[in-house]
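Enquirer: I am attaching a structure below and will ask some questions about it afterwards.
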Amino acid sequence: MLEYPPVMKVHPRARLLQTESAFGVLARARALERAGREVIHLEIGQPDFPTPKHICDGAIQAIRDGKTGYGPTPGIPELREAIAEAAGRERGISIDPSRVIVTPGGKPVIFYTVSCLAGPGDEVIYPDPGFPMYASVIAHCGARPVPLLLREESGFRFDPAELRRLISPRTRLIILNSPQNPTGGVIDRQGFETVAAESRRHGFAVLSDEIYQQFLYDGEFLSPASLEGMQDRTVILDGFSKRYSMTGWRLGYAIVPEALREPFELFQVNVVSCAVTFNQYGALEAIRGSQDCVRAMVAEFRRRRDYLTAELRRMPGVRCTTPAGAFYAFPNVAATGLPSTEVAERLLVEAGVATLAGNSFGPGGDGYLRLSYANSLANLEKAVERMRLFFERLAGSGAG
Ligand code: PLP
């Protein structure tokens, strides 16, 4: 018999990529719904509001005007100028539009940054628990992912002394995310000052993931780029997905130091050529228009946060801090005595509430659940009732 070589041999590098479990749980929840179950979705991190009309109109008009061809690789000039002005104002820094690269969603900024700065033999520090794509991309690029633990007892802030211990001559980059996914924690000034001082001393770069910048309920937003000497060392990741409820538009941006301008453009031209041209005209309206839609959404999220966290605290076996930002609650369910993956699975199957197990954000998230409160208050009330019964049943059965 003839021996054929394997049809396709996937390179081990491709196997280092991990998935984002929110999409997996969403697919499972949808399958349950198709089978007739009613599921409340607290798994996916996307605002439940429609994209404001003036933004949609901007994109529709652009299509009607024939703006349907390729655009410049780093983005249309008007949008880059508007982003530079608005992002600079919000952070108290001056940004030249040439340093703005418009990307299809914020995610590519993680890929471009790690690819540009780290490879085999290098180390990249990232938050644990944290957005799963960080560790995935670091490993894929051949660098060593070095987790920086965020602990509940310190409001999910990192310990500066621990950070210093993790820094080595091989450290090329540290990824920060504030307000944070999945904990809702916020890094304080001392934390940022520590990172800035260490970055200046050791020469590593900072990727500051600021996608939840607007979703801050207590205190003032601070970007590490605004600290002394840090504009040349910091890549800012931000975008339109969360702030303007535009997740499906796939529009984000990077603000890069001068040295990364060209490599970023090369990455973008190699992978996607440019972000969707007509969507960028919608984004232009988002920045130029009134920001009342953002303020109203954040005020609504604050109400939901207060409601959900207070209710979670009343459930047996559940402990929950009040997150200062983003739109996630991160309750500790370790007292149930069950692994968080089992709690999440049973909540979905037995109670019809889709959540994410904390450890899908890294081992540091073990014992927690992530609940997105980007869902209507009416749905949150229903979810709370179901979860209360679920945790009472668990406690009654001796599991708690
Ligand atoms: N960074 C963090 C921390 C996120 O939570 C997300 C999305 O969930 C992103 C980046 C990616 O945003 P986008 O949908 O614009 O790619």
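The values are calculated or read from the model by the stated rules, or taken from the named source; none is laboratory data. Please read all numbers here as calculations on a predicted model, not as lab measurements. Note that we place each Cβ from the backbone using ideal geometry, even for glycine, and neighbour counts take in every protein chain shown. The protein model used for the area step is the full one, side chains on, heavy atoms only, and it has no ligands, DNA or RNA in it. Shrake-Rupley method; radii C 1.70, N 1.55, O 1.52, S 1.80 Å.
Enquirer: Of all residues in the stretch 365-380, how many are part of a loop (DSSP other than H, G, I, E, B), under 19 Å from the mean Cα position of the chain (by Cα) and either within 22 Å of Y244 (Cα to Cα) or small (G, A, S) (or both)?
Expert: Number satisfying all stated conditions: 3.
Enquirer: Filter the helices (runs of 4 or more DSSP H) completely within the stretch 4-112 down to those with at least 3 residues that are within 13 Å of I255 (Cα to Cα) and in the same structural domain as P257 (by TED's automatic domain parsing).
Expert: The helices (runs of 4 or more DSSP H) meeting that bar are 77-91.
Enquirer: So P129 ticks every box in (1) in contact (Cβ under 8 Å) with a residue 24 or more places away in the chain; (2) more than 16 Å from the ligand (Cβ to nearest atom) but one. Which box is left unticked?
Expert: So the condition that P129 fails would be (2).
Enquirer: Same structure, new question: The conditions are (1) buried (at least 16 other Cβ atoms within 10 Å of the Cβ); (2) part of a loop (DSSP other than H, G, I, E, B); (3) β-branched (V, I, T), and V137 fails exactly one of them. Which is it?
Expert: Here V137 clears every test but (2).
Enquirer: Still on this structure, I have one more. I need the full set of residues from the stretch 258-286 which are closer than 29 Å to A205 by Cα, of a type in the set (G, A, S) and more than 14 Å from the ligand (Cβ to nearest atom), in order please.
Expert: Within the stretch 258-286, A259, S273 meet the criteria.
Enquirer: Of the numbered conditions (1) open to solvent by less than 10 Å² (accessible area, probe 1.4 Å); (2) part of a loop (DSSP other than H, G, I, E, B), L173 satisfies every one except a single condition; which is it?
Expert: The failed condition is (2).
Enquirer: Could you check W249 against (1) under 30 Å from V353 (Cα atoms); (2) within 16 Å of the ligand (Cβ to nearest atom); (3) open to solvent by less than 20 Å² (accessible area, probe 1.4 Å) and say which number it fails?
Expert: (3)
Enquirer: Without any contact (Cβ under 8 Å) to a residue 40 or more places away in the chain and either more than 20 Å from P127 (Cα to Cα) or more than 18 Å from the chain's Cα centre (by Cα) (or both) - does that describe any residue in the stretch 267-277?
Expert: Yes - at least one qualifying residue is present in the stretch 267-277.
Enquirer: Can you tell me which residue is nearest to R288 (Cα to Cα) among those in the stretch 34-72 that are open to solvent by less than 30 Å² (accessible area, probe 1.4 Å) and touching a Cys at 6+ places or on another chain (Cβ under 7 Å)?
Expert: P52
Enquirer: Consider R288 carefully, then state whether it is within 17 Å of the chain's Cα centre (by Cα), open to solvent by 50 Å² or more (accessible area, probe 1.4 Å) and basic (K, R). Can you show your working first?
Expert: Working: within 17 Å of the chain's Cα centre (by Cα): no; open to solvent by 50 Å² or more (accessible area, probe 1.4 Å): yes; basic (K, R): yes.
It is false that R288 is within 17 Å of the chain's Cα centre (by Cα), open to solvent by 50 Å² or more (accessible area, probe 1.4 Å) and basic (K, R).
Enquirer: I'm told G45 meets every condition in (1) within 26 Å of S273 (Cβ to Cβ); (2) touching a residue at least 12 places away in the same chain (Cβ under 8 Å) except one. Can you identify the failing condition by its number?
Expert: Only one criterion is unmet by G45, namely (1).
Enquirer: Additional query: Regarding T341, is this residue assigned to a loop (DSSP other than H, G, I, E, B), polar (S, T, N, Q) and not assigned by TED's automatic domain parsing to the domain that holds P104?
Expert: no
Each row is one residue, and each column tells you yes or no for (1) touching a residue at least 40 places away in the same chain (Cβ under 8 Å); (2) among the polar types (S, T, N, Q); (3) away from the ligand (no atom under 12 Å from the Cβ); (4) open to solvent by 10 Å² or more (accessible area, probe 1.4 Å).
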position: I211; (1), (2), (3), (4): yes, no, no, yes
position: E220; (1), (2), (3), (4): no, no, yes, yes
position: S223; (1), (2), (3), (4): yes, yes, yes, no
position: E228; (1), (2), (3), (4): no, no, yes, yes
position: T234; (1), (2), (3), (4): no, yes, yes, no
position: R243; (1), (2), (3), (4): yes, no, no, yes
position: V256; (1), (2), (3), (4): yes, no, yes, no
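Enquirer: Do you know which of the residues in the stretch 15-33 that are away from the ligand (no atom under 16 Å from the Cβ) and touching a residue at least 40 places away in the same chain (Cβ under 8 Å) is most open to solvent (accessible area, probe 1.4 Å)?
Expert: In this case the residue turns out to be R28.
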